[in-house]
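The values are calculated or read from the model by the stated rules, or taken from the named source; none is laboratory data. Keep in mind that this is a model prediction, so the values were computed, not measured. Here the Cβ positions follow ideal geometry from the backbone for every residue, glycine too, while neighbour counts run over all protein chains shown.
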Amino acid sequence: MATVPKVEVGTDYKEKYGFFVPEEYVFKAKRGLNPDIVKEISWMKQEPEWMTKMRLRSLEIFRKKPMPTWGADLSVIDFENIFYYLKASDKQSKTWEDLPPDIKATYDRLGVPEAERKFLAGVSAQYESEVVYHSLQEELTKKGVIFTDTDSALRDHPDLFKEYFGTVIPPADNKFSALNTAVWSGGSFIYVPKGVRVDIPLQAYFRINAENMGQFERTLIICDEGSFVHYIEGCTAPIYTTDSLHSAVVEIIVKKNARCRYTTIQNWSTNVFNLVTKRAMAYGDATMEWVDGNLGSQITMKYPSVYLMEPGAKGDVLSVAFAGKGQHQDAGGKMIHVAPNTTSTITSKSISKGGGRTSYRGHIKIYPGANNCKSFVKCDALLLDDESRSDTYPYNDVDAENVTLGHEATVSKVSDEQLFYLMSRGIARAEAETMIVNGFIEPFTKELPLEYAVELNRLIQLEMEGSVG
Amino acid sequence: MADFEIKDLRASVEGRQILKGVSLSIAKGEVHAVMGPNGSGKSTLSHTLMGHPGYAVDGGEVLFKGQNVLALEPDARARLGMFLAFQYPVVVPGISMANFLRTALNSKRGYDGKDKSKQVTPKEFRSMLKGELEVLHMDDSFLPRYINDGFSGGEKKRAEILQMAMLKPEIAILDETDSGLDIDSIKFVAEAVNRMRGPELGILIITHYTRVLEFIKPDFVHVLVDGKFVLSGGPEVADRLEKTGYSEWGKEETAQPQEVA
């Protein structure tokens, strides 16, 4: 394995780009985006040259690509006013007292442990449940599974990394994948060897720190033939950040007969623009499942997708979005049927309240020759009041034969009859409404591990009370 | 002495007055039946008593435990001790019957998530359920099912009575509980209701047909036609209706159900 010596890389870049690096180098975070900042990020991380070049190339692409205008309104993002790389120590400058009261209240109500809430609030840079994490790591290592943060993976597994990085979502895919490739930092890297089943869900939670929960994290998962892994990212507690842009990229390769499930529960504070590209390639008889829950943020645009590359591949997206006052959740899924005899389903559930807006945006593409494919899309929207809004934008391109394509969409309100029924049993209005909403998303909740399901239900309860900012 | 008193109740639906002055006094321990042909205001009576938002009260009052319950939300009426067994129980997807029953029971006991002493314990909940399920010839398998979702007509009605048994109301309104039931289901339901009869419970049975009254014997029968009581008396009123139907009030409807083939 050809490893690039760390020191050499640093020296190399110092010479090449003329950096003056004192012995006691202190990285000064700067706002804005330019090639120098990108080079500096790469240098700080002591990355190999190919990655630096890829970052710079991606920056060019980002600059050239126009801002997408087909979805939510992104015109207010000021790219020059963002920190693109912060060392963990810079992120600790906040204190608990600086936090908005509503965020603190939510932590209280959810019963988030002290250490964890400090991390989530950005007050502490580390939250590691050491004991659990280390015993888990030992077990995984025995099986040959790699589970680490993405920066370490680039350093410790350079060949594997280079083989797959950017192959599922190339920088030029869209403006924000280009941005992420230019400035990415942190994220998770998972490799599951042939035939290995990882029985317990791998959670970013075991090892969350400021590095892998950054604004521009990059996740890469490779499931080798016949393997299985379930990865869980995020948590239901709100993540508070003063940075307004979160733009992640998640790439997954699911090889023959393998199965991968990727579960996300995200609850960004409501100042955040959450623009995420998630895509998987599924090969022969492989299964890819996205379970995606979006609660917070100001604007979310996220459409997990599966490219069904070989016969028998199967793709699933199950998503839930909750939009409260001032929020726009533009979410959905994409299924690209490249090979014949592939199947896909997208199930989307959205809830709008207090003038919030949800959109389902989906794309089913069936390529010529991809005959005998099946795809089914179901989107259900629940509106909690008259000011809220929900839209559906399904796009279907079918160029093959014997294709079964189904689409079902419903928009409903919390019905007076259901409310009256529950209330007639003594259940107060607010609790009855919460029950109905939790019942509505139950098809999603039941796919979550129990502790996440319980937390999600509690969070919906808080959202319903309107006490979550 | 009346424990539950309806005084000159007037109510309308979509601007049309349906109840035109209904008065009725129920003491705990009594079973009253309200009978009437289609369109007489039976559903309006049950919905108005429980506080359905689609029914507007135009006048009158309903006194229970010293309060005019017409001023209360449905949940407050329920916590005060009222219960409505629905004619058409509502489907609520995604919530299990077990969760629903437990939540309702906790609400009835005034548990608001804080005072744990008011919360029903799992053991207590299970033992309460077990006894009631047996009487209604139901088994555990319906507990994880969603509220009324995919229930047969008989299952829905039995589930209503199960809720009543668990919540132990002091005034229970049974709205057309016999409709859509086969004879076995009526017997199970009636057995369960009769078990609950006693000095702590007043019952108001609302029905088109006399059949259910063979199994749950009323103390008083009131005939509702065009939003008013036209006749009140003892069980003999039901016998009279069984013979002549509602013809004496100009309604060509019998008070006996069509034989179910």
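List of remarks:
- Criterion violated by B:Ser127 - all others in (1) within 19 Å of the chain's Cα centre (by Cα); (2) polar (S, T, N, Q); (3) more than 14 Å from chain A (Cβ to nearest Cβ) satisfied: (1)
- Within segment B:94-114, if we keep just the residues that are among the hydroxyl-bearing types (Ser, Thr, Tyr) and assigned to a helix (DSSP H, G or I), the residue that is surrounded by the fewest Cβ atoms within 10 Å (Cβ to Cβ) turns out to be B:Thr103.
- Of everything in segment A:388-433 that is small (Gly, Ala, Ser) and within 28 Å of the chain's Cα centre (by Cα), the residue that is nearest to B:Ile171 (Cα to Cα) is A:Ser412.
- The residues on offer are B:Ser152, B:Ser117, and the sole one that is more than 13 Å from chain A (Cβ to nearest Cβ), surrounded by fewer than 20 Cβ atoms within 10 Å (Cβ to Cβ), over 27 Å from A:Ser415 (Cβ atoms) and without any contact (Cβ under 8 Å) to a residue 40 or more places away in the chain is B:Ser117.
- Segment A:267-300, residues that are hydroxyl-bearing (Ser, Thr, Tyr), at pLDDT 90 or above and under 13 Å from the mean Cα position of the chain (by Cα): A:Thr277, A:Thr300
- Residue within segment A:372-380 that is surrounded by fewer than 18 Cβ atoms within 10 Å (Cβ to Cβ), of a type in the set (S, T, N, Q), out of contact with any strand residue (DSSP E or B) (no Cβ under 6 Å at 6 or more places or on another chain) and modelled with pLDDT under 95 present: no
- Some residue of segment B:134-144 being among the β-branched types (Val, Ile, Thr), more than 14 Å from chain A (Cβ to nearest Cβ) and in a helix (DSSP H, G or I): yes
- Any hit, segment A:264-283, residues being out of contact with any strand residue (DSSP E or B) (no Cβ under 8 Å at 6 or more places or on another chain) and either surrounded by fewer than 21 Cβ atoms within 10 Å (Cβ to Cβ) or in the same structural domain as A:Arg389 (by TED's automatic domain parsing) (or both): yes
- Filter pass, B:Gly41 being touching a strand residue (DSSP E or B) at 6+ places or on another chain (Cβ under 9 Å), buried (at least 17 other Cβ atoms within 10 Å of the Cβ), on the phi > 0 side of the Ramachandran plot and within 14 Å of chain A (Cβ to nearest Cβ): no
- Sole exception among (1) under 22 Å from B:Leu24 (Cβ atoms); (2) in contact with a Lys or Arg (Cβ under 8 Å, 6 or more places away or on another chain) for B:Glu248, by number: (2)
- Within the option set A:Gly356, A:Gly315, A:Gly369, A:Gly333, being touching a residue at least 40 places away in the same chain (Cβ under 8 Å) and in the same structural domain as A:Thr167 (by TED's automatic domain parsing) holds for one residue only, A:Gly333.
- Contacts under 8 angstrom Cβ, first residue in segment A:413-429 being touching a residue at least 12 places away in the same chain (Cβ under 8 Å), partner assigned to a strand (DSSP E or B), 6 or more apart: A:Lys413/A:Leu382; A:Lys413/A:Leu383; A:Val414/A:Leu382; A:Gln418/B:Val92; A:Leu422/B:Val92
- Residue within segment A:424-445 that is at pLDDT below 95, touching a Gly at 6+ places or on another chain (Cβ under 9 Å), closer than 15 Å to A:Asp380 by Cβ and not in a helix (DSSP H, G or I) present: yes
- A:Ile299 vs. criteria out of contact with any Ser or Thr (no Cβ under 8 Å at 6 or more places or on another chain) and not assigned by TED's automatic domain parsing to the domain that holds A:Pro449: yes
- Flag if A:Tyr303 is modelled with pLDDT of 90 or more, among the hydroxyl-bearing types (Ser, Thr, Tyr) and more than 16 Å from A:Cys223 (Cα to Cα): yes
- So B:Ser12, is it surrounded by fewer than 17 Cβ atoms within 10 Å (Cβ to Cβ), at pLDDT 95 or above and more than 8 Å from chain A (Cβ to nearest Cβ): no
- Residue in segment A:400-420 that is within 7 Å of chain B (Cβ to nearest Cβ) and of a type in the set (Gly, Ala, Ser) present: no
- Candidate set from segment B:53-93 (those that are crowded, with 22+ Cβ neighbours inside 10 Å and of a type outside the set (A, V, I, L, M, F, W, C)); member that is farthest from A:Glu442 (Cα to Cα): B:Gly81
- Hits in segment B:51-89 - residues which are closer than 11 Å to A:Arg425 by Cα, more than 7 Å from chain A (Cβ to nearest Cβ) and not in a loop (DSSP other than H, G, I, E, B): B:Ala76, B:Arg77, B:Leu80, B:Met82, B:Phe83, B:Ala85
- Those helices (runs of 4 or more DSSP H) of segment A:1-83 in which 3 or more residues are modelled with pLDDT of 85 or more and over 24 Å from the mean Cα position of the chain (by Cα) occupy A:35-44, A:49-64.
- Criterion: charged (D, E, K, R) and at pLDDT 95 or above - qualifying residue of A:Lys334, A:Lys325, A:Lys353: A:Lys334
- Every listed requirement among (1) part of a strand (DSSP E or B); (2) of a type in the set (D, E, K, R); (3) farther than 23 Å from A:Leu448 by Cβ is met by A:Lys325 save one, (1).
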